[in-house]
Amino acid sequence: MSVVIVVGAQWGDEGKGKVVDLYTERADTIVRYGGGANAGHTLVIKGQKLITRLVPSGVCHPNKPCVLGDGMVIDPRSLLEEIDQLQARGLLLNNELVVGQDAHVILPYHKRIEGVREDRTAGAIGTTRRGIGPAYEAKVGRRGVRIRDLFRPERLRELVAANLEELNPVVRHLGGEVPTDAEVEQWIADALAAGERLKPFVRDASRFVVDKIAAGKHVLFEGAQGTLLDIDHGTYPYVTSSSTIAAGACQSTGIGPSKIDRVIGITKAYATRVGGGPFPTELHGDAADALRQAGGEFGAVTGRPRRCGWLDLPALRLGVRLSGMDGLALTKLDVLAGLPEVAVCVAYKLDGHELDELPTDLDDIARAEPVFARYPGWASLAGVRAWDDLPATTRAYVEQVGKLAGVPFYLVSVGPDREETMVLRDPFAA
Ligand code: IMP
C-alpha cells in the first residue's frame, strides 16, 4: 500500500494531468484536494484532447474511484456539465465518484463579485473568475454554503440571503449590478436541482479515503495549481485561495500526515505563469512567443496566453522544501528542442547575498537578481522513449537540474501522449 501526493512545483500548468493519468494505472483511488474549476488538466489520449476541471484526471481509467475532497470549492453546475461531458465520451460510467459533503459551493454571486473586483479595483490578481476566492472567503467567514446544504432548501435560502446582504453593498459600491429577486430565486432553484442530481455521489469523503488506505489500497492525491500559488507560502497576494502544497491534501481530505508515503513535484523544463504577479525569469517578445507556441501555453480554463520564461531552480527548491518532495517529474522537455542554448536560473542575488531559494516577499523578489546558467540545446526529441536515447546535451541538462533541485527524477516527459514518457522510478514502490 502506498499513498502518493502529486503536486505542482511552479505556478500551475506543469502537466499534472498527464502525470496523474499515468500514475493512475498503479493507483486504486484518485483524490483531488484543492481549488475548484480554476484548474484545467489537459490530457491527450490516443491523440484526443480532454480537459478536466473538477473531476481528478485519473477519470480516464475505468473502475477507479475518483474523490473530490472537502477542501475544494465546487460549482455544482460546472461539475454536472463535466460529468455529462465525460460520460458522453464513455468515461466515468463505472467509476465510483465521491463528492465531499463538506466541500463548499460556488454560487453565481461569488463569480459576480469577483468579476466586479477584477474589473474595478487596482492591482487585480488576474484570477480565473470562477468565484474561487469569494467562495473561500465565505468559508473562512463561516457563512459559506456547503454541498450538504444543497439538500436543505430552507437553510440554503437563509445562507444565500445572509451572503447577499453582505455582498450587495460591496457590489453596488464598486459599480456592479446587484441581482434581482427573480435572479436569486433562479440561482436557488438551480442549486437545489443540481444538488438533487449530485446527491448519489455525496458522502463523507474523509471516511471513504481513510477506509481505502486502511484496506491497503494505493491512493493518489492530485494537487491543483502549484506551490507558488499557495495561499500561505506562495507569491502573496498573487496566489489562489487554497493550500496548493502537499500538506493541503491532508487538510482538505481529512487524513493524517502520517498516512502519506511519497510526494512527487511536477515541474516543466521551463516556467509559465497566468495572471498577475512576479515572475523573475520571464521572457518577453519573440523568445516568449516561441516558447508559448511550441508549448501550447494558453490557459486550459480561460484561454489566456501564459507568460513564459526559463526554469527557476530557486523557486523549485522552495517547492521541494514546502511540500517535502521526494522527487520530481519533469515535463515538456521536448518544447525546448531547437533552441541553441537553454538557460536556467540557479540562484538569486539580493543585498550582496546569494539566495538558493526564491524569496516570497514581493519587494524582495523585485530587488532580487536572477543568476543564470546556460546549457547547449538539443534537436527534436520526437520518438525518444528511453533515457539512453536522449541526446547527450539533454541528459546533461536534466542531470544538472536534478542535482541542483536536490531530489531525483521519477519521470521525464517528452510529449503530450502517454507513450512519450520515461518512467525512471515508481512512486508507489515500498
Ligand atoms: P483564482 O484561483 O481564480 O483565484 O486565481 C488566482 C491566481 O491563480 C491567478 O493568477 C490565476 O491565473 C492563477 N491560477 C488559478 N488556477 C490556476 C491553474 O490551474 N493554473 C495556473 N494558474 C492558475
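The values are calculated or read from the model by the stated rules, or taken from the named source; none is laboratory data. In this text, all values refer to a predicted model and were calculated from it rather than measured experimentally. Don't worry about glycine lacking a Cβ; one is built from the backbone with ideal geometry, like all the others, and counts go over all protein chains shown.
What to note about this one:
- Each residue in segment 259-289 was checked for being without any contact (Cβ under 8 Å) to a residue 40 or more places away in the chain and either out of contact with any helix residue (DSSP H, G or I) (no Cβ under 9 Å at 6 or more places or on another chain) or acidic (Asp, Glu) (or both), and 7 pass.
- Filter result for residue 82 (more than 14 Å from the ligand (Cβ to nearest atom) and in the same structural domain as residue 28 (by TED's automatic domain parsing)): yes
- Test: residue in segment 122-135 that is at pLDDT below 95 and in a helix (DSSP H, G or I): no
- A count restricted to segment 176-216 and to residues that are surrounded by 14 or more Cβ atoms within 10 Å (Cβ to Cβ), among the aliphatic types (A, V, I, L, M) and outside any helix (DSSP H, G or I) stands at 2.
- A single entry from 255, 264 fulfils the requirement of being in a loop (DSSP other than H, G, I, E, B), away from the ligand (no atom under 15 Å from the Cβ), under 25 Å from residue 132 (Cβ atoms) and assigned by TED's automatic domain parsing to the domain that holds residue 68: 255.
- Matching option when the condition is among the basic types (Lys, Arg), free of Cβ contacts under 8 Å to residues at least 60 places away in the same chain and on the phi < 0 side of the Ramachandran plot, among 77, 130, 143, 112: 143
- Conditions (1) at pLDDT below 95; (2) over 22 Å from residue 129 (Cα atoms); (3) not acidic (Asp, Glu): number failed by residue 300: (2)
- Single condition residue 28 does not satisfy, out of (1) under 20 Å from the mean Cα position of the chain (by Cα); (2) touching a residue at least 12 places away in the same chain (Cβ under 8 Å): (1)
- Residue 376 over 20 Å from residue 282 (Cβ atoms), in the same structural domain as residue 269 (by TED's automatic domain parsing) and not hydrophobic (A, V, I, L, M, F, W, C): yes
- Residues being among the hydrophobic types (A, V, I, L, M, F, W, C), touching a Ser or Thr at 6+ places or on another chain (Cβ under 7 Å), surrounded by 14 or more Cβ atoms within 10 Å (Cβ to Cβ) and outside the structural domain of residue 337 (by TED's automatic domain parsing) are represented in segment 415-428 by at least one member.
- Within segment 343-388, if we keep just the residues that are free of Cβ contacts under 8 Å to residues at least 24 places away in the same chain and assigned to a strand (DSSP E or B), the residue that is farthest from the chain's Cα centre (by Cα) turns out to be 353.
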